[in-house]
Structures are given as C-alpha cells and as structure tokens.
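Structure record follows, encoded as structure tokens.
The values are calculated or read from the model by the stated rules, or taken from the named source; none is laboratory data. Everything numeric here is computed off the predicted structure, so don't read it as measured data. All Cβ positions, even for glycine, are placed from backbone atoms using ideal geometry, and neighbour counts span all protein chains on display.
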Amino acid sequence: MNEQKMSQWGVGPIFVGVLISTTALGILLSYTNLFSFAQIDNEYVRIILFILAVLLIMEGGLVWVLAVIKSRVIDKIKNGKLVTDGIYAWVMHPIYSAFFLIVIGAILIRGNWILFFLVPLYWLFMTFLMKNTEEKWLLAIFGKEYEAYKDRTNRCIPWIPKR
C-alpha cells in the first residue's frame, strides 16, 4: 500500500451540496407557473410514485447507516484501510449513493416530469466526479487491491456483489 492518505470527506460535500441544492431549487420552481404544466395530476400515478419514493428514501437511509455507522468507515479511512465488506461490497460509493437515492425519492414525491430529468444528470455527475477524483486517489493508494475491488463492485447503485 502506498503511504498516501485519503481524505475522510473526499468530494462528498460538493456532491451532496449540488444534489440537495438543485433538488430543492427544482422542487421550489415546480410550485411556480414555470413548471406547472409538467405536474402529474393522476391520483393513481401519484400514489405509485409516493410508494416508490418512500422505498427509495428508506433504502437511502439504510445504505447511509450501513456505510457510515455499521462499517465505521471514518475509523477505517483514518487507519488507511480500504473498505470492501458490508455495504461496500454492494456499492463502491454508498454514502453518495444514499444521498442519490434520497433525492430521487424527493423528486418522485413532488411528481413533476421536469424534475425527473435531474435523475440521469445526477447519475452522470456522480459517475464523472467519482471516476475523476476518489477512484483515482484510491487507485493511487491501494493499487491492485482497489482495481480488483472496482472490477467486482457497482459504482453508484447498490447491487448484489459479483463473485
């Protein structure tokens, strides 16, 4: 292992700040006449969106708890360890994924077609940001160990680990 140290915050505050602020702004704008034409009014669709939203928000909360509290990631980062077990076996960036899932839930609750366009933009932003920052740092620090981890683990969406 290289003797470089990884920041315990990474680019998290930037990513989370952008997600929360643009989602909040989008939701506020959806209450104006600017986006009112895209509001979903069908009661059954709204119920389905609400159920999906609650499930995504709950999943995001669970992923965050597993990533931060259960895995004790801050302690492991301070001790220079690559975390690859627990939720980190399911997704490479679970803390970012948690916020991604939560804001998708908020967007679904609002039920405005215009806001749905934020979801793929957030995914692209997360992918670009992770590939060009933390993944480069981790590769420089952990080398082949990180490369093997990266090959078997999803970047953004929690999913069953590859064997």
(request) Only residues in region 99-119 that are hydroxyl-bearing (Ser, Thr, Tyr) count as the first member; pair them with residues that are in a helix (DSSP H, G or I), Cβ under 6 angstrom, at least 6 apart or cross-chain, and list the lot. (result) none
(message) I'm told ASP41 meets every condition in (1) touching a residue at least 12 places away in the same chain (Cβ under 8 Å); (2) more than 16 Å from PRO158 (Cα to Cα) except one. Can you identify the failing condition by its number?
(response) (1)
(request) Sort out which residues of region 29-49 are surrounded by 11 or more Cβ atoms within 10 Å (Cβ to Cβ) and either under 30 Å from GLY86 (Cβ atoms) or of a type in the set (Ser, Thr, Tyr) (or both), and write them in order of number. (result) SER30, TYR31, SER36
(request) Test each condition in (1) charged (D, E, K, R); (2) at pLDDT 95 or above; (3) at positive phi for GLU59 and report the one that comes out false. (result) (3)
(request) Mind listing just one residue for me: the one in region 1-38 that is among the small types (Gly, Ala, Ser) and part of a loop (DSSP other than H, G, I, E, B) and, of those, modelled with the highest pLDDT? (result) GLY10
(message) Quick check on region 151-159. Is at least one of its residues closer than 20 Å to VAL11 by Cβ, more than 12 Å from the chain's Cα centre (by Cα) and not in a helix (DSSP H, G or I)?
(response) yes
(request) Considering each residue of region 39-53, count those that are in a helix (DSSP H, G or I), touching a helix residue (DSSP H, G or I) at 6+ places or on another chain (Cβ under 7 Å) and not small (Gly, Ala, Ser), and give that number. (result) 3
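To keep it simple, each residue is scored yes or no on (1) within 29 Å of THR22 (Cα to Cα); (2) aliphatic (A, V, I, L, M); (3) in contact with a strand residue (DSSP E or B) (Cβ under 8 Å, 6 or more places away or on another chain); (4) touching a residue at least 12 places away in the same chain (Cβ under 8 Å).
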| site | (1), (2), (3), (4) |
| --- | --- |
| LEU66 | yes, yes, no, yes |
| LEU82 | no, yes, no, yes |
| LEU124 | yes, yes, no, no |
| PHE128 | yes, no, no, no |
(request) Just give me the residues in region 66-96 being of a type in the set (Gly, Ala, Ser), under 18 Å from the mean Cα position of the chain (by Cα) and either more than 22 Å from THR127 (Cβ to Cβ) or outside any helix (DSSP H, G or I) (or both), in sequence order. (result) SER71, GLY86
(message) Quick check on region 138-154: of everything there that is surrounded by fewer than 17 Cβ atoms within 10 Å (Cβ to Cβ) and hydrophobic (A, V, I, L, M, F, W, C), which residue is nearest to ALA89 (Cα to Cα)?
(response) ALA148
